[in-house]
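S.K.: Supplied in structure tokens, the structure appears directly below.
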Amino acid sequence: MAEPGDRTYKRATWKHIGRWIMFVFLVGLNVAMPMSLFERLARHNAVQLGPELVQFLFLAACDMYFLPTAIFEVNYVTVRGEELIVANLLWKTKLQRKDIVSFVCPRWLTWGLLRTPRCFYLINRADIANFDELASLIEQKLLK
């Protein structure tokens with residue numbers, strides 16, 4: 001529920017839907033490719049090790065590149081008094097001032113990195129409207 005004085009910083013809906021599509025596609029590939037190999041092995045079909053390794057290396061490279069940003073990049077951030085509500089692709093969490101370890105926004109990096117003791121969140125400066133205002137609010141209210 002939105003309360004008076006809440007400030008919400010959100011990314012465009014079509015970008016959030018794009019993250020879901022990318023996530024489902026990659027999870028599907030991670031399930032389908034090994035299952036295809038096991039199916040061919042079970043039926044005693046010819047399996048060439050070289051092309052299979054190239055496919056799995058390509059899949060591993062795609063996973064390392066896309067999955068961390070798809071999972072840990074936030075969809076919206078709500079600043080509510082002394083707490084921060086952060087929602088990403090798979091979960092939503094409320095962070096109190098004591099839960100935030102650090103928040104850094106290097107200019108050379110696309111994301112602002114919000115760290116907690118258990119997780120980290122990537123806040124994309126290009127996707128979140130008014131990112132500079134959000135960064136200053138986090139630094140003023142929650143990192144004193």
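The values are calculated or read from the model by the stated rules, or taken from the named source; none is laboratory data. Model, not experiment: these values are computed from the prediction. Methodologically, a virtual Cβ is constructed for each residue, glycine included, from the backbone with ideal geometry; neighbour enumeration extends over all protein chains shown.
S.K.: Quick test for you: out of Val24, Val47, pick the one residue that is outside the structural domain of Glu83 (by TED's automatic domain parsing) and assigned to a loop (DSSP other than H, G, I, E, B).
M.R.: Answer to the check: Val47.
S.K.: Tell me yes or no: at least one residue of segment 1-13 is touching a residue at least 12 places away in the same chain (Cβ under 8 Å), exposed (fewer than 12 other Cβ atoms within 10 Å of the Cβ) and either in a helix (DSSP H, G or I) or not hydrophobic (A, V, I, L, M, F, W, C) (or both).
M.R.: Checked against the condition, which is being touching a residue at least 12 places away in the same chain (Cβ under 8 Å), exposed (fewer than 12 other Cβ atoms within 10 Å of the Cβ) and either in a helix (DSSP H, G or I) or not hydrophobic (A, V, I, L, M, F, W, C) (or both), segment 1-13 yields at least one hit.
S.K.: Which of (1) aliphatic (A, V, I, L, M); (2) outside the structural domain of Asp127 (by TED's automatic domain parsing); (3) within 25 Å of Trp20 (Cβ to Cβ); (4) not in a helix (DSSP H, G or I) does Ile85 not meet, given it meets every other one?
M.R.: Unmet for Ile85, out of (1) aliphatic (A, V, I, L, M); (2) outside the structural domain of Asp127 (by TED's automatic domain parsing); (3) within 25 Å of Trp20 (Cβ to Cβ); (4) not in a helix (DSSP H, G or I): (2).
Let's see how each residue does on (1) surrounded by 13 or more Cβ atoms within 10 Å (Cβ to Cβ); (2) outside the structural domain of Tyr76 (by TED's automatic domain parsing); (3) among the β-branched types (Val, Ile, Thr):
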residue	(1), (2), (3)
Ile100	yes, no, yes
Phe103	yes, no, no
Pro106	no, no, no
Leu109	no, no, no
Leu114	yes, no, no
Arg118	no, no, no
Leu122	yes, no, no
Asp127	yes, no, no
Asp132	no, no, no
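S.K.: Now a separate question. Could you tell me whether any residue of segment 45-64 is of a type in the set (A, V, I, L, M, F, W, C), surrounded by 15 or more Cβ atoms within 10 Å (Cβ to Cβ), under 30 Å from Leu142 (Cβ atoms) and modelled with pLDDT of 90 or more?
M.R.: Among the residues of segment 45-64, not one is of a type in the set (A, V, I, L, M, F, W, C), surrounded by 15 or more Cβ atoms within 10 Å (Cβ to Cβ), under 30 Å from Leu142 (Cβ atoms) and modelled with pLDDT of 90 or more, which makes the answer no.
S.K.: Kindly provide the set of residues from segment 50-76 that are assigned by TED's automatic domain parsing to the domain that holds Arg125 and more than 24 Å from Ile21 (Cα to Cα), ordered by number.
M.R.: Of everything in segment 50-76, nothing turns out to be assigned by TED's automatic domain parsing to the domain that holds Arg125 and more than 24 Å from Ile21 (Cα to Cα).
S.K.: Can you pull out the residues in segment 50-81 that are over 23 Å from Ala129 (Cβ atoms), touching a residue at least 40 places away in the same chain (Cβ under 8 Å) and either among the aliphatic types (A, V, I, L, M) or not in a helix (DSSP H, G or I) (or both)?
M.R.: Selection gives Leu67 alone.
S.K.: For segment 23-42, state whether one or more residues are without any contact (Cβ under 8 Å) to a residue 40 or more places away in the chain, closer than 21 Å to Asp127 by Cβ, under 23 Å from the mean Cα position of the chain (by Cα) and loosely packed, with under 15 Cβ neighbours inside 10 Å.
M.R.: Within segment 23-42, one or more residues are without any contact (Cβ under 8 Å) to a residue 40 or more places away in the chain, closer than 21 Å to Asp127 by Cβ, under 23 Å from the mean Cα position of the chain (by Cα) and loosely packed, with under 15 Cβ neighbours inside 10 Å.
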